[in-house]
Amino acid sequence: MLIPSRRKFLRISCRSLGTLGAASLMNRFSQVNALAQSSCPADYKALVCIFLFGGNDGNNTVVPVSTPGSNPANSYSKYAQVRGGLALPTAGLNMIGNSKGDQYGLHPSLTELASLYNNNRHVAVLVNVGTLVTPLTQAQYKNQQAKIPSNLFSHLDQQTEWQTSLAQGSGATGWGGRVADAIQSCNISDFPTIISVGGNNLFATGAQTSPATVTAGQVLGLQGFNTSAASAARLAALQSLLTFDNGVSLVQASNGIASSGLNQATVLNQALSGAGGLTTVFPNTSLGQQLSQVAKIINVRSALGMRRQIFFAYLGGFDTHDLELNDQGTGLAQVSQAMKAFYDATVEMGTADQVVTFTESDFGRTLQPSGGSTLGTDHAWGSHHFVMGGAVKGGDIYGTFPTLELSGPDDANNRGVWIPTTSLDQYGASLAKWFGVDSSKLGEVFPNLANFTTAPPAFL
Amino acid sequence: MGIRLILASLCAFWPAYAQIAVTVSPSPAAVHLGTFLQFSANVSGTSSRGVTWSLAPSGTASGTISPGGRYTPPAVMPVPNTVTVTATSTASPTTSTSVTVTLLNPYPELASASPANIPVGVSTITLNGSGFAPGAHAIAGGTPLATTFVSSTRLTATVVSFSIEQGWTIPIVVENPDPGSAKSADVVSVVVGPSSGPHVVGANVAAHFLDQAAFGPDAATLEHVETVGLEEYLKEQFAAPISPYPDPATTGFGINQVQARFFTNAVHGQDQLRQRVAFAWGQIFVVSAIEENTPTQLVPYLGILQKDAFANFRTLMKDVTLSPTMGEYLDMRNNDKADPTRDTRANENYARELMQLFTIGLSQLNLDGTLKLDAAGNPIPTYDQTTIQNFAKVYTGWTYPTRPGAVLQKHNPAYYIGPMVPFESNHDVTSKTLLNGFVLPAGQTAGQDLEAALDNIFNHPNVGPFIAAQLIQHLVGSNPSPAYVARVASIFNDNGSGVRGDLQAVIRAVLLDPEARQGDNGPFADGPASAPSSHLREPVFVVASILRGLGALVNDTNRLTALATNLGQTIFLPPTVFNYFAPGYHVPAQFTSGISLLGPEFQLDSPSNAVARFNMVNSMIYGNLGTGTVIDFTPFSSLAGNPQALVDAISQAFMYGQMPPKVQTALLGAINAIAGSSAAVNKARAQAAIYVAVSSSYYNVEH
């Protein structure tokens, strides 16, 4: 690694530090942006990513019951036979159909999502999507004849690849961040396009842009200052140290991040202070409160000067190596209830057609259970995901449902590890295209997209 | 039909005729303050088994009893030291039974002794802790000391030492008197000797070193390290007695006392290096109290990390592997061999994470921690999915330790004391192919397979560089040079006497390396911008190091856990086995002017959390942290009449005595804006200057 000398170090820009209280929204976060696209839409749209950390078990999220139209090889009894003690009884499943006349069952905890799917037709299911570099047959995978995603089955690597959409690994930017790079200049203000309510993450990190962060429940902005001269002097001292370059990069990085945080809090406080509340009640859960925070920010999109926004929220606890029946149910109930409340909030704000919410997760899990006093499953690959919003062509299932058979045609090894038939690049590109990223820019945002020549799933 | 009718009639009149009785256990009962006692009641003579619990004398001075019969004694001993617990049948309110409960003094917990060094002769020491009862006395090396009870959290005692004891470390415990006399499980120690002698290293060197080998400098330790030097201090620290975690029998079900003890130990523990290194091991060999959420589960695991902090790495590997807590967290306990009738396979969780996260990582490494590459320039995997499935078979058959008096079963009930035990018929005895093609023969016992498999991993060439790099990141800096990693990895591979995995040698190599000592003599006048020995303080370290610099007093009633929680780091609750942050986390390039720099702790440092850090410092300096954390600003406020003297004291306490002029100017600006000379003004000046100093990035990035 070449390490520049401290003299070559470029100072982090902190130009707005002197104006913590009363800055304009304009030009505060501007940076040279090579990825920016030239044409800009004038309406408002938002993407909301919900990342299910740990690897949600798709096999118990969407269960085939009677599916002659989409995969005649599957049946509930075949599913139940392999799943053994982990098989969900049909009686508890939330039944959904598809345009091919099939019957699938959503996990018993997904009542609200099933209702949005069936009644409002604003939820779609995308099956067997996962990390891929190129389309991959079982033979190609087993004989290593094509590029295979790096470090399959490793949480951290697969989380990273789902966030970067670079399955070959080593991505330094996230696909959400690259979408923001392309579209940041379309916003009226240069407040960050991406707001993470789930802390730092690669999904939201672009090459030129970086996200704002908000933690639900945390105070926005500095505490402990007032209008006295002593307080003002202490604030001035604090600010002077934010611009102190002692030549150590990590000190400068810490200053840059703190400066961003102070600026973002100031702008958000200003925008939120004039807003009325929402009447939609959100569950008092981690994800519920995160999505409540997202709704509050969407509600002040005009005050913030935003035409395009991307949000990142998350829920952990899906690494169900044991106690799966209990733990997955708890997690999915939280997801379903929070997503429903969020959908209701977008209706209340009149933005239901302009906001699309979608799920990501590390990977799916083995169809075959793992032994122990309480059953669970191990790390696998392709899995099923949800897309929600007024613009979604909901009430249908997209993609190719894998054959639920150990060592069967879709199994990467022998435990029911599905080789994805839809790539994350196709999934993400469909979302990005709807969001307004120029077709000419999609290849920059999703470098592997060109490897996939089949039509992407048309859920939008 | 007729009989039923008769029975129904009888039942209707039952209360009038039945002999209802209530029995309560335990009876008689005794309970220590600071703990609780669960009563149970048995009601006979009626199908209505409910009781209501009551307490006499009434009022909170007697404690409280829950609707479920859980009695919690009061904080202060009542006179007389008995209360009466009564269970009354809900079916028959005239029927009740009472039990006399004898209240016993709390179990004393000892956190620290101050000063840590006493001269030969007569000295007064202050003992900090909790649960001290009036009449408690200190015992030094078996000899009772003249002791004064100050409060339930503080005693003072007189120690007489003789010249022959010079250099001795004297262990001290506290004993509460009857009723329920008990000694503290914790031992603190004082060292007899001149508290100051000729300095062998400068304060700047000692202070910088203590940011790496301790939770930051405090005045007493700083003076001590200046006197004995770095190498001698390490020797002392390797031998220092362990500051333990509280006995789960005394803590109740919640882990808050265990969390509080982390901060008590971090601020006052005399085994600073062990506490620091054990915490680093806990961030590599991760379990989380999200699942292991009681002291019964958590404390034995923390004990392993403390005990093995300076042991051999192979010992640490085995103790962690067989820990029932880890077994539960990563599913090695009750890991069944493949079961054809249920069509299940061995659980892969521990097999994967022991290699990926704890020992070798995903890709083959050179000695210096850089990736080995194949002819095409790609990383070379250390193992594949088949290897994982083979290791998963190795780890089958183990279950919780057998409870005393119980019989070993395939799946023992949960129990966390001691190592897991094998149930041989549940162990997969087929042959297994491990790393580098090593084959375990078929037919071995669970123990034989385990030892051979752990040896197979331990001897993988990745372990040295993998562990060296992570220890350096936790103790010294985020971006060590490959040469630094190689030097430490070489010591891991061979401590100079042919021993692999000698952690004392490894830690010495980490802390005494020239790269770790960079910055001892000034803030990188000529160093690279990457400053390899720099890293962001993680939130719990921010809390502990500020308190040490301020000379604060902390005991087990502290509420410090919440401060770091607000910055995304709840002690002992990392979100997953991947810890609070990843060793490979890169600081976003926008903030490093495009230089690619690792910054694991920066993963928590989102823009909003960076703001929250200012607010946390605000709480510490201006807020009320409760009686468990006492900050006396006098050492600083007494200097505030002379602003430069105040700045110099803050520089000594927090910036290695090397505060740059720009930082001094900032502090002076904040001080001089507060006019006057009253005590309140002086305190406000000290607080303003300390706030500016310890909230700054200059302080929060160790360098």
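Select from segment A:357-391 the residues that are β-branched (V, I, T) and more than 19 Å from A:F312 (Cβ to Cβ) and write down the one among them that is surrounded by the most Cβ atoms within 10 Å (Cβ to Cβ).
Per the stated criteria, the residue is A:T377.
So, in segment B:205-223, of the ones that are surrounded by fewer than 24 Cβ atoms within 10 Å (Cβ to Cβ) and of a type outside the set (D, E), which residue ends up nearest to the chain's Cα centre (by Cα)?
Filtering segment B:205-223 for residues that are surrounded by fewer than 24 Cβ atoms within 10 Å (Cβ to Cβ) and of a type outside the set (D, E), the one nearest to the chain's Cα centre (by Cα) comes out as B:Q212.
Could you check A:A124 against (1) in contact with a Pro (Cβ under 6 Å, 6 or more places away or on another chain); (2) small (G, A, S); (3) in contact (Cβ under 8 Å) with a residue 60 or more places away in the chain and say which number it fails?
(1)
Yes/no matrix, rows are residues, columns are (1) more than 11 Å from chain A (Cβ to nearest Cβ); (2) over 27 Å from A:D157 (Cα atoms):
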{"residue": "B:L305", "(1), (2)": "yes, yes"}
{"residue": "B:T321", "(1), (2)": "yes, no"}
{"residue": "B:M326", "(1), (2)": "yes, no"}
{"residue": "B:D339", "(1), (2)": "no, yes"}
{"residue": "B:N349", "(1), (2)": "no, no"}
{"residue": "B:N390", "(1), (2)": "yes, no"}
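For segment B:536-576, what are the residues that are touching a His at 6+ places or on another chain (Cβ under 8 Å) and within 14 Å of another protein chain (Cβ to nearest Cβ)?
If the condition is that a residue be touching a His at 6+ places or on another chain (Cβ under 8 Å) and within 14 Å of another protein chain (Cβ to nearest Cβ), then B:T576 is the only one that fits.
Listed here are the residues, each with its yes/no results for (1) under 21 Å from B:A562 (Cβ atoms); (2) of a type outside the set (A, V, I, L, M).
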site	(1), (2)
B:F263	yes, yes
B:H268	yes, yes
B:R276	no, yes
B:A289	yes, no
B:E292	yes, yes
B:F310	no, yes
B:T315	no, yes
B:S323	no, yes
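Of everything in segment B:83-113, what is surrounded by 16 or more Cβ atoms within 10 Å (Cβ to Cβ), in a strand (DSSP E or B), of a type in the set (S, T, N, Q) and assigned by TED's automatic domain parsing to the domain that holds B:T52? Give them in sequence order.
If the condition is that a residue be surrounded by 16 or more Cβ atoms within 10 Å (Cβ to Cβ), in a strand (DSSP E or B), of a type in the set (S, T, N, Q) and assigned by TED's automatic domain parsing to the domain that holds B:T52, then B:T86, B:T88, B:S89, B:S96, B:T97 are the ones that fit.
Name every residue in segment A:314-359 that is within 14 Å of chain B (Cβ to nearest Cβ) and small (G, A, S), in order of residue number.
Scanning segment A:314-359 gives A:G316, A:G317, A:G331.
Rundown of residues vs (1) within 7 Å of chain B (Cβ to nearest Cβ); (2) assigned to a helix (DSSP H, G or I); (3) of a type in the set (D, E, K, R), yes/no style:
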position: A:T215; (1), (2), (3): yes, no, no
position: A:V219; (1), (2), (3): yes, no, no
position: A:F225; (1), (2), (3): no, no, no
position: A:S231; (1), (2), (3): no, yes, no
position: A:L235; (1), (2), (3): no, yes, no
position: A:L238; (1), (2), (3): yes, yes, no
position: A:L241; (1), (2), (3): yes, yes, no
position: A:F244; (1), (2), (3): yes, no, no
position: A:V251; (1), (2), (3): yes, yes, no
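A:V387 versus (1) farther than 16 Å from A:V129 by Cα; (2) in contact (Cβ under 8 Å) with a residue 60 or more places away in the chain: which is the lone unmet condition?
(1)
Only residues that are buried (at least 24 other Cβ atoms within 10 Å of the Cβ) and in contact with a Gly (Cβ under 7 Å, 6 or more places away or on another chain): list them for segment A:299-312, please.
A:R308, A:I310, A:F312
Which one is farthest from the other protein chains (Cβ to nearest Cβ) among residues in segment A:268-296 that are under 29 Å from A:Q239 (Cα atoms) and crowded, with 22+ Cβ neighbours inside 10 Å?
Going through the qualifying residues, I end up with A:A271.
Of all residues in segment B:682-698, how many are outside any helix (DSSP H, G or I) and over 30 Å from the mean Cα position of the chain (by Cα)?
0
Only one of these is within 14 Å of another protein chain (Cβ to nearest Cβ) and modelled with pLDDT under 95: A:T454, A:T374. Name it.
The conditions single out A:T374.
Based on this model, can you work out whether B:F614 counts as facing chain A (nearest Cβ under 7 Å) and over 26 Å from B:A689 (Cβ atoms)?
Judged against the criteria, B:F614 is not a match.
Find the residue count for segment A:395-407, including only residues that are out of contact with any Phe, Trp or Tyr (no Cβ under 6 Å at 6 or more places or on another chain) and either farther than 25 Å from A:G376 by Cβ or free of Cβ contacts under 8 Å to residues at least 24 places away in the same chain (or both).
5
Which of the residues that make up segment A:341-360 are in contact with a Ser or Thr (Cβ under 6 Å, 6 or more places away or on another chain) and either among the basic types (K, R) or not in a helix (DSSP H, G or I) (or both)?
A:V355 - this is the single residue of segment A:341-360 that is in contact with a Ser or Thr (Cβ under 6 Å, 6 or more places away or on another chain) and either among the basic types (K, R) or not in a helix (DSSP H, G or I) (or both).
Considering (1) at pLDDT below 90; (2) surrounded by fewer than 17 Cβ atoms within 10 Å (Cβ to Cβ); (3) under 14 Å from B:S27 (Cβ atoms), say which one B:G59 fails and leave the rest.
(3)
Out of the residues in segment B:666-681 meeting the condition of being in a helix (DSSP H, G or I) and surrounded by fewer than 22 Cβ atoms within 10 Å (Cβ to Cβ), tell me which one is farthest from the other protein chains (Cβ to nearest Cβ).
Applying the filter and picking the extreme gives B:A679.
Give segment B:609-660 a look and list any residue that's of a type in the set (G, A, S), under 28 Å from B:D556 (Cα atoms) and either surrounded by fewer than 21 Cβ atoms within 10 Å (Cβ to Cβ) or over 26 Å from the mean Cα position of the chain (by Cα) (or both), or say none.
Listed by number, the residues that qualify are B:S619, B:G623, B:G626, B:G628, B:S637.
Please find, within segment B:27-56, the residue that is surrounded by the most Cβ atoms within 10 Å (Cβ to Cβ) out of those that are among the β-branched types (V, I, T) and modelled with pLDDT of 90 or more.
So, considering only residues that are among the β-branched types (V, I, T) and modelled with pLDDT of 90 or more, the one surrounded by the most Cβ atoms within 10 Å (Cβ to Cβ) is B:V51.
Table: residues versus (1) of a type outside the set (F, W, Y); (2) in a helix (DSSP H, G or I); (3) farther than 30 Å from B:T72 by Cβ.
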{"position": "B:L222", "(1), (2), (3)": "yes, yes, yes"}
{"position": "B:L230", "(1), (2), (3)": "yes, yes, yes"}
{"position": "B:K235", "(1), (2), (3)": "yes, yes, yes"}
{"position": "B:S243", "(1), (2), (3)": "yes, no, no"}
{"position": "B:A249", "(1), (2), (3)": "yes, yes, no"}
{"position": "B:V258", "(1), (2), (3)": "yes, yes, no"}
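With the requirement that a residue be in a loop (DSSP other than H, G, I, E, B) and under 16 Å from B:L104 (Cβ atoms), what does segment B:40-82 give you?
Of everything in segment B:40-82, those that are in a loop (DSSP other than H, G, I, E, B) and under 16 Å from B:L104 (Cβ atoms) turn out to be B:G63, B:P73, B:P74, B:A75, B:V76, B:M77, B:P78, B:V79, B:P80, B:N81.
Among (1) assigned to a loop (DSSP other than H, G, I, E, B); (2) facing chain A (nearest Cβ under 10 Å); (3) surrounded by 19 or more Cβ atoms within 10 Å (Cβ to Cβ), which single condition is B:G584 missing?
Here B:G584 meets the rest and fails (3).
Residues being more than 21 Å from B:M326 (Cβ to Cβ) and either touching a Pro at 6+ places or on another chain (Cβ under 6 Å) or polar (S, T, N, Q) (or both): count how many of those fall in segment B:418-444.
6
Mind listing whichever residues of segment B:404-452 are assigned to a loop (DSSP other than H, G, I, E, B), within 14 Å of chain A (Cβ to nearest Cβ) and either free of Cβ contacts under 8 Å to residues at least 24 places away in the same chain or touching a strand residue (DSSP E or B) at 6+ places or on another chain (Cβ under 9 Å) (or both)?
The answer is B:Q409, B:K410, B:H411, B:N412, B:P413, B:M420, B:F423, B:H427.
So B:A653 fits all but one of (1) in contact with a Gly (Cβ under 7 Å, 6 or more places away or on another chain); (2) among the hydrophobic types (A, V, I, L, M, F, W, C); (3) facing chain A (nearest Cβ under 10 Å); what number is the exception?
Among (1) in contact with a Gly (Cβ under 7 Å, 6 or more places away or on another chain); (2) among the hydrophobic types (A, V, I, L, M, F, W, C); (3) facing chain A (nearest Cβ under 10 Å), B:A653 violates only (3).
The values are calculated or read from the model by the stated rules, or taken from the named source; none is laboratory data. Being a predicted model, the structure only gives us computed values, none of them experimental. All Cβ positions, glycine included, derive from the backbone under ideal geometry; neighbour counts span all protein chains shown.
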